[in-house]
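Enquirer: Below is one structure. I have some questions about it.
The values are calculated or read from the model by the stated rules, or taken from the named source; none is laboratory data. In this text, all values refer to a predicted model and were calculated from it rather than measured experimentally. Heads up, the Cβs are rebuilt from the backbone with ideal geometry, glycines too, and the neighbour counts pull from every protein chain shown.
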Amino acid sequence: MEIKEYILYPESKESLISLLKGKFYETVINENPGHKISNSKIRRLLVSGNVFVNDTRIKIPGYVVRRGDRIRIFFDQEKFEFEKSPGDIPFTLENRDVIYEDEYLIAVNKPPCFPTEAVIVKDRNNLHYEVKNYLWKKSGQKNIPYAGVLHRLDRETSGVVVFSKNRNINKEMFDIFSNHNLTKKYLALSFAEKPGINKSFTVSGFMKRTSPKSRQCKWGIVTENRNGVEEKYSKTDFEILGFRNCTVLIRAVPLTGRTHQIRVHLASENLPILGDSLYGGKLKYGKTAVPRTMLHAEEISFTHPVTGEKLCLKANLPGDFKKLLKDAGL
């Protein structure tokens, strides 16, 4: 991520968005022949807080600038050319999305249908980038602050994600995650025709990849451990929080951290998560399409490795999850 600073001086009275679409556009295109910049991207640059008028951050497109004003624009070509992949939501991390922050850590509420970090698809926005951009704008400095990825959520899964802000804390945090010295809680919505489900239950077993490497990654529980490299022990505790209209609200507490663990374990109990087509989840609720795999990382708890404070970081439910709960009467 490389930030370049542009300084412009308006020659007459005009709106800030007009200046950006005119003089700034011409400057960038001249430096980067062959690039196309849409009006929506220019507006996004403005409202995301990267434009300053006389050292004051301005986000209002119609703000009037005059001759003698000094316009500073911090331009990240990589970010500016991000294109969301089909199904990705547009997202800019803001204060309301931050669950916890100190000088060592930052925890944020990841929206559904948004990647945690950069993927192989070029120019695709992601949460890791948004965290760095948020910290940079907050710091007011030219250099991009550090943010380290400590763990990940699947693209469709919403909820709490923790990043490090200081490299010196990475080893301790990685130990916490790898040794599972923490508690994670998830909420899932599943489909069940009959209410005859135990209030609480545990699923355990060895998991391995069941799909070819040339296909989408799919995992399953194997009947016995053959000491294979790919076979990993997994265990999840589940609690039924509500059942109505064939919809089950389930809390999951994974005791190990395997790929797709909660999804695989619920599917093995004939409780596939709504919207999870990979593991047999229904794609419609009544006549309404289920927007995504209905899994939410509700909470993560651990002891802060520096301060010793007991942290319990909770993420509010997103709108699509709340809507399905309401539709089901839960």
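Enquirer: Which one is surrounded by the fewest Cβ atoms within 10 Å (Cβ to Cβ), of the residues in region 278-330 that are assigned to a loop (DSSP other than H, G, I, E, B) and basic (Lys, Arg)?
Expert: Per the criteria, the residue is Lys287.
Enquirer: May I ask you to verify whether Arg43 is surrounded by fewer than 16 Cβ atoms within 10 Å (Cβ to Cβ), at pLDDT below 75 and within 25 Å of Tyr129 (Cα to Cα)? Can you show your working first?
Expert: Values: surrounded by fewer than 16 Cβ atoms within 10 Å (Cβ to Cβ): yes; at pLDDT below 75: yes; within 25 Å of Tyr129 (Cα to Cα): yes.
Yes; evaluated as a whole, the condition is true for this residue.
Enquirer: Please work out if Val160 is touching a strand residue (DSSP E or B) at 6+ places or on another chain (Cβ under 6 Å) and over 20 Å from Thr236 (Cα atoms).
Expert: Details: touching a strand residue (DSSP E or B) at 6+ places or on another chain (Cβ under 6 Å): yes; over 20 Å from Thr236 (Cα atoms): no.
Considered against the rule, which asks whether it is touching a strand residue (DSSP E or B) at 6+ places or on another chain (Cβ under 6 Å) and over 20 Å from Thr236 (Cα atoms), Val160 comes out as no.
Enquirer: Find all pairs meeting these conditions: Cβ atoms under 8 angstrom apart; at least six residues apart or on different chains; first residue within region 110-130 and within 19 Å of Tyr186 (Cα to Cα) and assigned to a loop (DSSP other than H, G, I, E, B); second residue modelled with pLDDT of 90 or more and of a type in the set (Lys, Arg).
Expert: Pro112/Arg292; Cys113/Arg155; Cys113/Arg292; Phe114/Arg155; Pro115/Arg155; Thr116/Lys110; Thr116/Arg152; Thr116/Arg155
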